[in-house]
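Asker: Handing you this structure, nothing more for now.
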Amino acid sequence: MNNCVAKTYIAPELPDITRKILPELVDNLADESRLLSLSAQFRPQEDFPHAPHCYSRSILLHADSGAEVMIARWDQGAITPIHGHPQFAFVYVLQGQLQMQHYRDTDQGLVLTETIIKHEGQHIYSAGIAGRYDNAIHRVTALTPSLSLHVYSEDALKGKFFT
Ligand SMILES: [Fe+2]
């Protein structure tokens, strides 16, 4: 039974060097390699909230376009519902190990297509269909305590939830 309901927080003031990267991340949502090089410069120095058996979401930037940059802090074993995303979604592992289970939505229901593990410095990226919220359907499980940087073209909570 997954009782994890993530809470969302406004992030505290960030160091200048980190804050300057945020609008660049949003402006480069269509450019995977640029997102990756920007994320590699990211130095989280803040103590993002712990969420026992779950994960916390700290919003670093909410752009006028609706795009957002968010940090998730994961407790070991935290697991998300199966969910979809807006058009662009980028997730970069800053610390720890995240397991990603990807699904395809079929007439017979969801089908698991792959299970991958992403380590520190690795990422996933999806460029999907604008105006839809069922792009890149997946479930994330934190295999260790983890920290990840997320960039989405819209509020990620608009993503479709399947469970
Ligand atoms: Fe996701």
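Rule-based calculations on the coordinates, nothing more; no lab input. Keep in mind it's a predicted model, so treat the numbers as computed, not measured. Neighbour counts are summed over all protein chains in view; Cβ atoms, including those assigned to glycine, are modelled from backbone coordinates with ideal geometry.
Asker: For a protection proxy built on the mean count of beta-carbon atoms within 10 angstrom, sort 78-91, 31-44 highest first, please.
Answerer: 78-91, 31-44
Asker: A follow-up question, please. Please count, across the chain, the pairs of lysine residues with Cα atoms under 25 Å apart that sit 8 or more places apart or on different chains.
Answerer: 5
Asker: Oh, and also: List every residue whose amide H lies under 5 Å from the amide H of residue 88, counting only residues 5 or more places away in sequence or on a different chain, with H placed 1.01 Å from N in the peptide plane.
Answerer: Amide H to amide H, under 5 Å and 5 or more residues apart or across chains, residue 88 pairs with 128, 153, 154.
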